[in-house]
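Let me begin by presenting the structure, written as structure tokens, before commenting on it.
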Amino acid sequence: MKKAVRVFGKRRAAKTTAAFCLAVCLSGCLGGVLQAEEPSGYYDEFGNWVQESYSEESGAETAGIEDADALAALAEDSADASGGMDAAQDVSSALIGTYSVGAGWTVDSDASTEEKTVYKQDAYVGMENTSTISCSYMDTNYSVLEYEQLRDMLTNNLLYNNVNAQISTSAIYTQAKDYLYIVIVDDSAQEYKDVYHYVVGDYRCFCVEVREYRAEADQAVADGVKTPHEVGQTTAEEFTWGVA
């Protein structure tokens, strides 16, 4: 079966774009209140003359301005003042990469979210209590050169949230020579173990989280195929960052 390949990214929200959209909105609103065909206008807060006129071609009122940048700046200031637009659109820079999950694994749409894509073995898609490989990414406060601080932060978080589990760590490099940090969280009281793979980039990580059920792993070994843990680690090792 052909491997599932996904291009992975996060939407970019640019303040300039927000300002431009608001400028267009302001332009439409200004034009919408004009009733007379005679040109009229006003001075904006930047001291620029805004001339309003009627457009016969479109049959609708339009607003003209001597300095278009001033209107964009006005829209940007308005967005900052309201706070609402930035709060809704201020997301981190695009983090893009390409990865593939091995043959026999399919996206489970019901289990996936906007932030995380969940894969299950073909025969178990839609089922609960089965092994999963989840791919996502996250922003961090650390550059590649600060990977040790990132490693400590990730490990401490997992220790704090899994007090009864045995934690083991290791580190290798991806095929693209990026630092790959691996944390295994194994609570013997559970019928599964969790394995976290973090491909480290500048202020970003690509994450492959594997929940491997012990019975399925044993069966994979008996069948001579890769365990869920091995499939997930291969996904992480083959990951490559794209251009943000």
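The values are calculated or read from the model by the stated rules, or taken from the named source; none is laboratory data. On a predicted model such as this, the values are computed, not experimentally measured, just so you know. Methodologically, a virtual Cβ is constructed for each residue, glycine included, from the backbone with ideal geometry; neighbour enumeration extends over all protein chains shown.
Please determine whether any residue of the range 234-244 is free of Cβ contacts under 8 Å to residues at least 60 places away in the same chain and over 20 Å from the mean Cα position of the chain (by Cα). Within the range 234-244, not a single residue is free of Cβ contacts under 8 Å to residues at least 60 places away in the same chain and over 20 Å from the mean Cα position of the chain (by Cα). Looking at the range 122-173 only, could you name the residues that are surrounded by fewer than 18 Cβ atoms within 10 Å (Cβ to Cβ), part of a helix (DSSP H, G or I) and either in contact with a His (Cβ under 7 Å, 6 or more places away or on another chain) or of a type in the set (D, E, K, R) (or both)? Passing the criteria: ASP122, GLU146, GLU148, ASP152. Please verify whether TYR99 is under 24 Å from TYR213 (Cα atoms), assigned by TED's automatic domain parsing to the domain that holds ALA217, under 20 Å from the mean Cα position of the chain (by Cα) and not in a loop (DSSP other than H, G, I, E, B), treating the condition exactly as stated. Spelling it out, TYR99 is indeed under 24 Å from TYR213 (Cα atoms), assigned by TED's automatic domain parsing to the domain that holds ALA217, under 20 Å from the mean Cα position of the chain (by Cα) and not in a loop (DSSP other than H, G, I, E, B). The conditions of being at pLDDT 95 or above and not hydrophobic (A, V, I, L, M, F, W, C) are not met by ASP90. Cβ-Cβ contacts under 6 Å between residues 6 or more apart (or on different chains), taken from a first residue in the range 176-198 that is touching a residue at least 24 places away in the same chain (Cβ under 8 Å) and within 17 Å of ASN161 (Cα to Cα) to a second residue that is surrounded by 16 or more Cβ atoms within 10 Å (Cβ to Cβ) and of a type in the set (Ser, Thr, Tyr), are listed as VAL183/TYR196; TYR192/TYR213.
Counting only residues that are of a type in the set (Ser, Thr, Tyr) and part of a strand (DSSP E or B), which one in the range 192-244 is modelled with the lowest pLDDT? My answer is THR240.
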